[in-house]
Amino acid sequence: MIVKLQKELKCKSKHSDSFRSEVLEGLSSNPKRLASKYFYDETGDRLFQQIMAMPEYYLTNCELDIFQNKTDELIKAISNINESFDLIELGAGDAMKSSFLLKDLVAKSTDFTYMPIDISGNILSVLQENMNRTIPELKIIPLEGQYFDMLDEATYISNRKKVVLFLGGNIGNMDIEEARRFCSEVRRKLNPGDLFLIGFDFKKNPHTILAAYNDSAGITASFNLNLLTRINRELHADFDVEQFQHYQTYDPISGACKSFLVSLCDQKVKINNHSIYFKANELIDMEISQKFSEQDVKDLAKDSGFHILTEINDSKNWFVDSIWMV
Ligand code: AVI
């Protein structure tokens, strides 16, 4: 059974209200912006699966390398907990990477419950079915909702020690200040001895990074443009998606990899009864995928009140799963 927050319907309409108000606010600001957390409707989920399978998108294989080949190191770090615990995964998706760790923990008869958190009930049902089939002994409580609401729910359900996973370089979709606030909030919700495992994509050859987000097949472009289609459908807007073009940048000094949509002409877009005006070549700031140095990771851990227990890198040293302790 999937645990959802009480008053689910109220939450749903609150969700679409905040989607509408964030879209209108973002498109009325200068420069115009949209939040990449809204990329993930059904089509967005599918496009992201395709991105993860692209040869240029190296991030998937890097973290898979860690979870597939360095599971012993992960388990050794987790064994610092020394008692039964809950393994909570923020944004679990289909849990493709974590399933390797789960299998090994179960094989070692570790006493833990897996609590995947995701905003998508659909993906959680798929996850639960897969787990029931492939690791039938796994104790699993899927939690559908926002990360922090569901972390509270997890604490309400059980007061055991926690290991929280935040994989895939998702932290990069926040700017540094947001990431600091996010990690500090996670820290506030944990207790001494709890662990936070977080995946960071390192700065590396800028060509490699840019290619991962500027793929020749145009899947990342469709991923960005799909948000305009979603706004058309859900907010009764009339974006002409053909009149926008994806543009990707990477600044190797700051590590900010950013995507934009460029308006190809002067145009007016109606969203409900609001009119938004675009000049030709005007930009919408869509997403940041921040890349980190080793020092950036150390600073973020310290600034948010954690200490680094251990770090596990992939074999190319392109990505790190950094394990922090309260
Ligand atoms: C989900 N997130 C870590 C991806 C990233 O790499 O920033 C989203 C993405 N955007 C474009 N390609 C992939």
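The values are calculated or read from the model by the stated rules, or taken from the named source; none is laboratory data. Small disclaimer: the values here were computed from a predicted structure and weren't measured. A quick note on method: Cβ atoms are made from the backbone with ideal geometry, for glycine too, and the neighbour counts reach across all protein chains shown. Only protein heavy atoms, including side chains, enter the accessible area calculation; ligands, DNA and RNA are left aside. Shrake-Rupley method; radii C 1.70, N 1.55, O 1.52, S 1.80 Å.
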Original post:
Residue farthest toward the positive end of the dipole of the range 13-326, with Cβ of Lys/Arg at +1 and Asp/Glu at -1: which of 312, 81, 18?
Top reply: 81
**OP:** At 0.36 nm per residue, minus the direct Cα-Cα distance, what do residue 177 and residue 37 gain on full extension? Give it in nm, one decimal, please.
**Re:** 48.7 nm
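Ordering 298, 161 by accessible area with a probe of 1.4 Å, largest first, what comes out?
Working: 298 95, 161 50 Å².
The ordering from most to least exposed comes out as 298, 161.
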Subject >> Order of exposure, largest accessible area first, which applies to 314, 285 with probe 1.4 Å >> reply: 285, 314
**OP:** With a 1.4 Å probe and every protein chain kept in, tell me what percent of the accessible surface of the range 89-151 is carbon plus sulfur.
**Re:** 50 percent
**OP:** Starting from the Cα of residue 103, draw a straight line to each of the lysines and keep only those under 28 Å, dropping any in the same chain fewer than 8 residues away.
**Re:** 4, 70, 76, 139, 161, 162, 189, 316
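Rounded to a whole number of µm²/s, how large is the Stokes-Einstein D of the chain at 4 °C and 1.567 mPa s, given Rh as the Kirkwood radius over C-alpha pairs? Mind showing how you got there, number by number?
On the way: Rh = 20.8 Å.
D, rounded to a whole number, is 62 µm²/s.
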**OP:** Answer rounded, prolate or oblate for the range 220-326, using the Cα gyration tensor with square roots of eigenvalues a ≥ b ≥ c: rounded when a/c is under 1.5, else prolate when a/b is larger than b/c, else oblate.
**Re:** prolate
**OP:** Kindly write out, for the range 285-300 in residue order, the coupling ³J(HN,Hα) from the Karplus curve 6.51 cos²θ - 1.76 cosθ + 1.60 (θ = phi - 60°), rounded to whole Hz, with x marking Gly and Pro.
**Re:** 7, 9, 7, 10, 10, 5, 10, 10, 9, 4, 5, 4, 5, 4, 4, 5
Subject >> Net charge, residue 312 excluded, C-beta distance under 9 Å - Lys, Arg +1, Asp, Glu -1 >> reply: -3
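What net charge do the residues around residue 159 carry, taking every other residue with its C-beta under 15 Å from that of residue 159, with Lys and Arg at +1 and Asp and Glu at -1? The partial results should precede the final answer.
Values: positive: 160, 161, 162, 189; negative: 83, 86, 111, 152, 153, 194.
Its environment carries a net charge of -2.
For the range 13-326, what is the percent of antiparallel DSSP beta bridges, rounded to the nearest 5?
Details: 34 of 55 bridges.
Taking every DSSP beta bridge with both residues in the range 13-326, the antiparallel ones total about 60 percent.
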Original post:
Once you charge only the Cβ atoms, +1 for Lys and Arg and -1 for Asp and Glu, what is the size of the charge dipole of the chain about its Cα centre, to the nearest 20 debye?
Top reply: 440 debye
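Specify whether the C-alpha gyration tensor of the range 57-210 places it in the rounded, prolate or oblate class, a ≥ b ≥ c being the square roots of the eigenvalues: rounded for a/c under 1.5, otherwise prolate if a/b is larger than b/c and oblate if not.
Numbers: a/c = 1.41, a/b = 1.21, b/c = 1.17.
Verdict is rounded for the range 57-210.
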**OP:** Any chance you could look up the accessible area of residue 96 with a 1.4 Å probe, heavy atoms only, rounded to 10 Å²?
**Re:** 80 Å²
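Quick one: order 246, 207, 307, 236 from most to least accessible surface, probe 1.4 Å. All intermediate terms of the calculation are to be shown ahead of the outcome.
Values: 246 30, 207 150, 307 95, 236 125 Å².
Ranked from most to least accessible, the order is 207, 236, 307, 246.
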Original post:
By its C-alpha gyration tensor, with a ≥ b ≥ c as the square roots of the eigenvalues, how is the range 76-153 shaped: rounded for a/c under 1.5, else prolate for a/b larger than b/c, else oblate?
Top reply: oblate
Original post:
If one takes the longest principal axis of the Cα atoms in the chain, at what angle in degrees, from 0 to 90 and to the nearest 10, does the Cα axis of helix 121-134 lie?
Top reply: 40 degrees
**OP:** Go ahead and estimate [θ] at 222 nm for the chain from helices alone: -39,500 (n - 2.57) per DSSP H run with n ≥ 4, summed, over the residue count, rounded to 500.
**Re:** -13000 deg cm²/dmol
**OP:** Select from 264, 127, 151 the residue whose mean-square fluctuation is largest in a Gaussian network model of the chain (Cα-Cα springs shorter than 10 Å).
**Re:** 264
Subject >> Potential lengthening between residue 262 and residue 208 on full extension [0.36 nm per residue; Cα-Cα distance subtracted] >> reply: 17.1 nm
**OP:** For residue 32, go through the lysines and keep the ones whose alpha-carbon is under 21 Å away, minus same-chain ones fewer than eight residues off.
**Re:** 258, 268, 270, 279
